[in-house]
1. For each of Val155, Val145, Val101, Val234, count neighbouring Cβ atoms within 10 Å of the residue's Cβ, then give the residues from fewest to most.
2. Hey, got a sec? Which chymotrypsin sites (Phe, Trp or Tyr not before Pro) in the stretch 155-257 land in a DSSP loop and have at most 12 other Cβ atoms within 10 Å?
3. How large is the helix-only mean residue ellipticity at 222 nm for the chain, computed as the sum of -39500 (n - 2.57) over DSSP H runs with n ≥ 4, divided by its residue count, in deg cm²/dmol to the nearest 500?
4. Hey, any idea what Rg/Rh is for the chain, computing Rh the Kirkwood way over Cα pairs?
5. Using a 10 Å cut-off around each Cβ, can you sort Thr170, Thr179 from fewest to most neighbouring Cβ atoms?
6. Viscosity 1.306 mPa s, temperature 10 °C: what is the translational diffusion coefficient of the stretch 141-243 from Stokes-Einstein with a Kirkwood Rh over Cα pairs, rounded to a whole number of µm²/s?
7. What's the exposure ranking of Glu72, Glu276, Glu86, going from fewest to most Cβ atoms within 10 Å?
8. Could you tell me the center-to-center distance, by alpha carbons, between the stretch 210-275 and the stretch 121-154 in angstrom?
Amino acid sequence: MRNVRFVSLFVLFALLLASCAPAATAAPTVAPTAAPVVPTPVAQISPDLLAQKNLLLICSDFPYPPQEFFDENGNPQGLDVDMGIEIAARLGLKPQFVNSVFDTIIAAVTSGKCDIIISAQNITADRQKQVSMIPYFKAGQSFVVAKGNPNKISVAMDLCGKAAAAESGTTEADHLQGTGDYKDNGIVQQCEKAGQKAPDVIVTQKDSDALQQLQANKVAAYFTDSPVAAYYTVQHPDLFEIAGQPMDAVAEGISVPCGLADCTGAALSPVGQAVETALKSMMADGAYLKILQKWNLASGSVQ
């Protein structure tokens, strides 16, 4: 999300629709199709540090297209999925995705239920107190509204006195409520300081549930990352549109357990070092950019 605008995504995601099916329900733990063959791993992780031998367990919150979602056959797809498959291959491991609730996804990795998180996590000060985060992408935030924008939402303050939905544990939920990195300076507080009624914030367990709140006309806006907003509005142009301009982009990170217990100033753990080495090798040989281009998200590159 660093000063990157996603206006072009409306055109770019039209190409995506030809190859991407809507999200479907799937089992919590899913093994993807075969990973690319890399003859010699660029780094290795000691089996003692893995949740399961020879596997790289990757926590992701499905569905969150175009970053992670299931196709009609229940196979994991998306930018984060392809990143995970490629990283695992370069570590000589088989990737396996663990469908996780975003609000507790950090607890999942710190408790050993998965080895890493690749799930469109913005890098925030609060999260960095719990895990180490390796930048791999950047994205903005956008308001999705009903077609025609009946509530005339253009900027954040237009939500005063209205209802808005976001997924629990996300930057968008923090931004609305004034929590996390937006402590006491969220849209709720801004409306109150302006003498206006605070918005009614509806927090859902899954991002797709927040979208359904909008579809059911229970909220004036659904707040999510700009790539996700663009994906849904291009898939359903008769139902949704993006209101106003996307907010400035910030980096998203691959989360790994910290090198020290409290994470403060900690160097990357051996797992983190190996993942970072794999990611850097992808950037060096062009595989990283090819994955971004596949999902029409090259503008989110952190290179």
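1. Fewest-to-most Cβ neighbours within 10 Å comes out as Val155, Val101, Val234, Val145.
2. For chymotrypsin sites (Phe, Trp or Tyr not before Pro) across the stretch 155-257 that sit outside H, G, I, E and B with at most 12 neighbouring Cβ atoms in 10 Å, the list is empty.
3. -8000 deg cm²/dmol
4. Ratio value, two decimals: 0.97.
5. Values: Thr170 26, Thr179 15.
Listing Thr170, Thr179 from fewest to most nearby Cβ atoms yields Thr179, Thr170.
6. Estimated via Stokes-Einstein, D reaches 120 µm²/s.
7. Listing Glu72, Glu276, Glu86 from fewest to most nearby Cβ atoms yields Glu72, Glu276, Glu86.
8. First find each Cα centre; the distance between them is then 4 Å.
Coordinate-derived values only; no laboratory data. Since the model is a prediction, treat every value here as computed from it, not as a measurement. Methodologically, a virtual Cβ is constructed for each residue, glycine included, from the backbone with ideal geometry; neighbour enumeration extends over all protein chains shown.
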